[in-house]
Structures are given as structure tokens and as C-alpha cells.
Amino acid sequence: MANDLQNIIYTEIQKAVGPIAAQLKFNNLLPFSESTVGDFPWFWENGSDFNASTFQWLNKRLRYNNDGYAETDGSLLNTDLYNVMQVIQYQLDSAEESKLNEAILANAPIINTLIRQWVSLEGALPPDADTMRKQLDYITAGILSWGPEGLTLQQLRNSIDPMALLPNIPVGGDLVVSTLMTYLQKTDSVAGIQNSLSSFNNQIKQVVRNFTATTLKPGFMQTVDSSGKKKVEIEMRVLESVAAIQNELLPKQGGRSFSASFQASKLDAETVSLSVQGGASGSGRLGFLFGFNAQAGASYNMFSADSSLTECDIELTFNGVTAITPQFTAFDINSLTGWWYPLPIADAANPRSDESGYRFTLKPMYDFAVKGNFGALGRLLISQQPVITLRYHTSNYQAFQETFKQDASWGISFLGIKLAGGSESYYRSTTSYDSQSQTVTVTMSPAGINAPLSPTDQLANVIGVQVVWPGATQKQNLAHF
């Protein structure tokens, strides 16, 4: 039943915001449930550091709910990406695989010598290196690790002085390198296959390394929380500056806004029916729709002022609508920095029959496609917290004056979610009475937007999001839902 109310409201808000979304090129806007993360901390800069609250909000894996909206269960995007990248490997098609295996078989004596030398120098090979091919790959990767970060097999192969490329070579390692170079010379006919296999797999390994750092370096940034605590995190930015966001979200005059209207009917003390003109209707818990919490500790629903009433017209007005564009630091194959690299996931999630490419060595329990359960934030459509207007056809104005006192402070929950982080001073109430139509109007306005707040406390309502599904093509990600 709660989902009925949520679906009706989300659907109507999406219709109402449609013209603005089109203006801002949000052609695949999805409603978003804030139930796990709350309102968006839009003030993303804090001096030269990134607001930790904004980072934590953006660093979430999203999923599609079958009721038609995006949500998160709180899972961290960087952690889940790290785990996924661990089980991706570049694999060859059958023709290239056959050529490489033939070359290995033809040079087995050299490889066996290489294996003995490696074990003598570095110790036993790992248990999962249980074939000659895997042992060779492991040793090759180990030798490349003696060089600078990013050294490729092709660079080593083409060097006239390979030892000069390996400044971290251990004592006695020159014999191992010499044997590997002999093998590479003997298998020059499959050099392209070897180079590609090594290069692509090394890129994946580098991306995995790029998720972790304890000190600032390219691809990472410093965050700061409200207590001043700083931490090194993967790097991301927001395309729009704080000043630009503020001008759009909190304009001195004008700005983008829209409204959505609903009709509520109380069915009993705990249940309300919600409908839109000429549209859908549904029912749910009265307290789930709206909850009003006074600073004195009293709690009310929308019919608490006069329990004899059963009808209420609701209008939600969203002011200061604007777009936020997170920018994740993409993996750069030249500098080997960055962590956002969806291409291997798309490749592995959509394998093409008998073609070389990235594959899952262990299939993750995720759906990377459009409307799956593994998505990242592409854009957000935000606004001020909504102005809530409730209209009742009654002459009992005194009851509303007593309950919703003029300019009193309130905390509000909407669809079971506490707005503005649950603050009981963020909203202000005003009441009015039209004697001619015998209509009482209660207006709840977000006063907190005018109060001086610290950067980490600046919050915005999320109207909807654009999700990037890493297993989908760019065309699929940009398509209408």
C-alpha cells in the first residue's frame, strides 16, 4: 500500500517536471528514493577539499526498483567496482588461443627452465597457477613488476637493453630475464597476441590498484567532514561549481520551478487514498504520506488538526530546479591513473561468441544492463525541499491555528523519508482562511534554505537521477525509458 502512494507521487512529479527535464536534456530521468541516503549535500567544495558528505552520497551503487524508480541499498560504488574488476580477465578467441598454445608447447623446454629459475629465485608459484600457461603468465607479470609502473611486455620485448628497464630486479634475476627474452624471441610469430593479452590484463590490474591509496597522488583526492577530519579517497568532481549551483538552486529571483497536485481522502484513522486528476489512485498509511513533528515533540498527520475532516487538496511546489553532474575520474591508459573504467564490464557482461575480449572469471551476482542492479550516478536533478500546501474545505480555522501555529518550526517526513536530514527547525508553517470559500490553507515552507548553514549541512531535494549502467551501450544509456 505504501508503494501505491509512492508510485502515484513519483509518476505525477515526473510528468510535472517534464518540460524542465527536457530543457536540461534529462531524456532518461528516473525518480529516485532518498530512503537510504537522504537529501543531497550539494555544497561539494570545502576549501580545496571535497565535502565528505557529498562524496559518500555520490559513491553509491544504484539499482532499479521494479516499481519504476532508482534507489540504493547503501552499497559503495568503489568497493563493488573493485570486487567486480577482480574477476575480469582478457581472454583470447579460439584461433588466437590455439596459436599461443602451439607456441608454448613448441617451447616447453625453455618455459620449464624459466619456471625452475623463478622458483629458485622467488619461491613456489601460487596454487592457482596450475598449468604451464598460467605459470608463464604469472612469471611474466612478476618480471614486469620489477620495472616502473606501467611497463608493458611489448616495451620489454623491443628493448635492446631489457635490464635497464627493470630497476627493481632482485639479485640473480638477470638469469630469469634472459630466459624470458629467449622465449619471447622464439615466439615472435605470436608477439601481437602475447602483447595484447599482457597489456589488457595489466590494465585491469592497474585499475584495481587505483582504488586504494593512503597518500594523495594522481587519481585521488582529499575529503573533509564536518568535524575537519580528512581522508584520501578516489577522485571525483562535480561539473557545476558551487557558485553556479547556488545561483540556480537558491536564486535571488526567478529560477526554475514546477508544481504537482494531488487529492487525499482519509479512509480511516490510519489509511489515506491518494489520486490525481484524470489519473491513477491508490491508498496507503496516512503517516507514510506526511508526518509533521513540532520542536516541542508533538507529532501530527495531515488530518490531526480536525479529525472530522476526510478530504484535503495537496500541492507540492519545487523551486530552484537545477542539474548536478558528477564526474568520476576515468582510467587513463597513458598515465595509468583513474578508476572509472566501464568498458571491461560492458565487454564481460555482453560476451560475443568466439571473439577475444574481457570475460568474467567468476560471474558476479549483478545485472549490469539498463534497469539492472548495478548503476552509477550520471546526473541528478535537484531542487529546494518542496513547499507543501494543504487545503481543507472547512470553517474550523481555529483548530488549524492551534495545531499549526503561525511561523512555528517543523520537521517533516514525506513518503516515510525525513526531509532535510530530519531537522525539526527546517520548515515553517503558515495558515490562512478564506471565509468566502470556507477554505483553510496550511503552507509548510523550507525556511532552512535561508539560514546560515555550514557547507556540509547544505541539502537539496533529489527529484530524479540519470543512471549510467556499465553493462549497457552509450546509446542504451541515453535512450528513453
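The values are calculated or read from the model by the stated rules, or taken from the named source; none is laboratory data. Everything quoted here is computed from the prediction, not taken from an experiment. Here the Cβ is made from the backbone with ideal geometry for all residues, glycine too, and neighbour counts use every protein chain on show.
Descriptive notes on the structure:
- Selection count where residues are more than 30 Å from residue 249 (Cβ to Cβ) and in contact with a Pro (Cβ under 8 Å, 6 or more places away or on another chain), scope region 290-349: 5
- Residue in region 75-87 that is among the polar types (S, T, N, Q), in a helix (DSSP H, G or I), in contact with a Pro (Cβ under 6 Å, 6 or more places away or on another chain) and on the phi < 0 side of the Ramachandran plot present: no
- A single entry from 103, 108 fulfils the requirement of being out of contact with any Pro (no Cβ under 6 Å at 6 or more places or on another chain), loosely packed, with under 14 Cβ neighbours inside 10 Å, closer than 30 Å to residue 182 by Cβ and among the small types (Gly, Ala, Ser): 108.
- Looking across region 144-166, the residues that are under 37 Å from the mean Cα position of the chain (by Cα) and within 15 Å of residue 185 (Cβ to Cβ) come down to 153, 154.
- Among all residues of region 321-334, there is none that is of a type in the set (Gly, Ala, Ser) and not in a strand (DSSP E or B).
- Restricting 83, 46 to residues that are within 33 Å of the chain's Cα centre (by Cα), surrounded by fewer than 17 Cβ atoms within 10 Å (Cβ to Cβ) and over 30 Å from residue 5 (Cα atoms) narrows the list to 83.
- Selection count, region 1-57, where residues are part of a helix (DSSP H, G or I), touching a Phe, Trp or Tyr at 6+ places or on another chain (Cβ under 9 Å) and more than 14 Å from residue 381 (Cα to Cα): 11
- Every residue from region 447-481 that is assigned to a loop (DSSP other than H, G, I, E, B), among the small types (Gly, Ala, Ser) and at pLDDT 65 or above: 454, 471, 472
- Of the residues making up region 219-256, those that are within 19 Å of the chain's Cα centre (by Cα), surrounded by 15 or more Cβ atoms within 10 Å (Cβ to Cβ) and part of a loop (DSSP other than H, G, I, E, B) are 219, 235, 240.
- Breaking point among (1) at pLDDT below 95; (2) assigned to a loop (DSSP other than H, G, I, E, B); (3) touching a strand residue (DSSP E or B) at 6+ places or on another chain (Cβ under 7 Å), for residue 373: (1)
- Enumeration of residues in region 42-72 that are hydroxyl-bearing (Ser, Thr, Tyr) and more than 19 Å from residue 31 (Cα to Cα): 48, 53, 54
Listed here are the residues, each with its yes/no results for (1) surrounded by fewer than 18 Cβ atoms within 10 Å (Cβ to Cβ); (2) more than 28 Å from residue 459 (Cα to Cα); (3) over 24 Å from the mean Cα position of the chain (by Cα).
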{"position": "321", "(1), (2), (3)": "no, no, no"}
{"position": "334", "(1), (2), (3)": "yes, yes, yes"}
{"position": "355", "(1), (2), (3)": "yes, yes, yes"}
{"position": "366", "(1), (2), (3)": "no, yes, no"}
{"position": "388", "(1), (2), (3)": "no, no, yes"}
{"position": "403", "(1), (2), (3)": "no, no, yes"}
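- Members of region 16-48 found to be in contact with a strand residue (DSSP E or B) (Cβ under 6 Å, 6 or more places away or on another chain) and over 23 Å from residue 248 (Cβ atoms), listed by number: 33, 35
- Selection within region 405-436 - part of a strand (DSSP E or B) and either over 19 Å from residue 316 (Cβ atoms) or touching a helix residue (DSSP H, G or I) at 6+ places or on another chain (Cβ under 8 Å) (or both): 409, 411, 412, 413, 414, 427, 428, 431, 433, 434
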